[in-house]
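Here's the structure, in structure tokens; my notes come after.
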């Protein structure tokens with residue numbers, strides 16, 4: 001997904017997508033960023049399913065829970081290069 005390759009942190013992704021600094025990202029803004037890869041109605045349904053209040057916008061908390069694991073995978077935190085199993 002484009003989020004994973006374009007951003008190194010969730011915070012940087014949020015700041016770029018919420019360029020008007022209103023505290024949420026609308027479905028329109030997300031659709032514009034994704035560049036037509038999703039049908040608008042489907043994207044709106046996905047956003048409503050992923051938000052706590054079933055709104056057509058994403059706040060920072062919902063954004064982190066949805067895109068956080070994609071942008072900043074946790075596998076790197078558990079890998080130990082000095083262990084005998086993972087040389």
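Would you be able to tell me the number of residues in the range 1-34 that are touching a residue at least 12 places away in the same chain (Cβ under 8 Å), out of contact with any strand residue (DSSP E or B) (no Cβ under 8 Å at 6 or more places or on another chain) and not in a helix (DSSP H, G or I)?
Matching residues across the range 1-34 total 4.
Does residue 26 count as modelled with pLDDT under 85 and surrounded by 11 or more Cβ atoms within 10 Å (Cβ to Cβ)?
In short, no.
Six or more apart or on different chains, Cβ atoms under 6 Å: show the pairs whose first residue is in the range 45-64 and without any contact (Cβ under 8 Å) to a residue 60 or more places away in the chain and at positive phi and whose second is surrounded by fewer than 17 Cβ atoms within 10 Å (Cβ to Cβ) and in a helix (DSSP H, G or I).
Going by the 6 Å Cβ cut-off, the qualifying pairs are 54/48.
Could you check residue 5 against (1) in contact with a helix residue (DSSP H, G or I) (Cβ under 8 Å, 6 or more places away or on another chain); (2) surrounded by fewer than 12 Cβ atoms within 10 Å (Cβ to Cβ); (3) within 19 Å of residue 72 (Cα to Cα) and say which number it fails?
(1)
The values are calculated or read from the model by the stated rules, or taken from the named source; none is laboratory data. Please read all numbers here as calculations on a predicted model, not as lab measurements. Note that each Cβ is placed from the backbone with ideal geometry, even for glycine, and that neighbours are counted across all protein chains shown.
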